[in-house]
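K.L.:
Quick one: structure below, then a few questions.
The numbers here are math on the coordinates, done by the rules we state, and not lab data. Owing to the predicted nature of the structure, the values given are computational and were not obtained by experimental measurement. Positions of Cβ are generated from backbone atoms using ideal geometry, with glycine treated the same way; all protein chains shown enter the neighbour counts.
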Amino acid sequence: MNNMTIKIFACLLLSVAIVVFLFIYSLNEPRRMVSATEKFRVEAVERGVKIFEKNCVACHGGNGQGIEGLSKPINSKGFLTSINNSTLKKAISYGLPNMPAFSREMNGQLNANDIKDVISFIRNWESDSSSSKEIISEVDRSDENEYETLPTETVSIDLSDRDVKKGAALYTKKCAICHGKNGEDETNEIVIHSQEFLKYQENEAIFDTINTGIPGEMPAYGEEGNSPLSEDEIWNIVAFIRSWEK
């Protein structure tokens, strides 16, 4: 063999070795990626549970089970399937009529990564994995019961005397363009005609959202809004929305 033949043979061997290496790597890469993704998810949940414990337990309970008279469960399948991560992020960041804003942009304590970690913890309730139970059990909840005795101003509003027909007319005029004629518009992050939404949203919360709006998402329709409605008119809209509940 001359030198040129040896070089060609060596190049061929190297090429074959590279092909074999890449083939083996491609077989292992999906499992490696899954493992890395799960590791990052668990780490986010671990950070999120600490943030939730510090900022959210007082109103939502230690595991999102809700507090009677104060809040409904957010760890339920119905709630978690009715809301996406974008909506969760906006609610935590900018608050809701019955919930403060937590983002630093709104003078809260959480940065963008903190909020993502809280969402990871909330989403972890959808999983039955043992790691979920271990992470949750590691948090000290010895003082959790004190939250269950917090007073609440929440009062169930009776809608039986409201005018559903007037509410339907106002809804058509003010709301249908974004939410659909019967609240069925699925391009919105929250489908207000869904039974999950209607089950987990109290009348007061719907009223407050219409009245004060959602920053960057929905205008306020109350007396301080650009298109003011009276309280009676807003309650009529709430009654119309509630009429979709089966």
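K.L.:
List the helices (runs of 4 or more DSSP H) inside segment 160-246, counting only whole elements, that have at least 1 residues being closer than 21 Å to N84 by Cα, in contact with a Gly (Cβ under 7 Å, 6 or more places away or on another chain) and charged (D, E, K, R).
P.N.:
It comes to 195-200.
K.L.:
Additional query: Give segment 191-235 a look and list any residue that's at negative phi and small (G, A, S), or say none.
P.N.:
Going residue by residue through segment 191-235, those that are at negative phi are 191-212, 214-215, 217-235.
Residues satisfying the conditions are S194, A205, A220, G222, G225, S227, S230.
K.L.:
Please specify each residue of segment 174-222 satisfying the condition of being without any contact (Cβ under 8 Å) to a residue 12 or more places away in the chain and more than 11 Å from L96 (Cβ to Cβ).
P.N.:
Scanning segment 174-222 gives A176, I177, K181, E184, D185, E186, T187, N188, P219, A220.
K.L.:
Among the listed residues N111, N107, N85, which satisfies the condition of being of a type outside the set (D, E, K, R), under 19 Å from I190 (Cβ atoms) and surrounded by fewer than 18 Cβ atoms within 10 Å (Cβ to Cβ)? Please lay out each step first, then the result.
P.N.:
Values: N111 fails: under 19 Å from I190 (Cβ atoms); N107 fails: under 19 Å from I190 (Cβ atoms).
Within the list N111, N107, N85, the selection yields N85.
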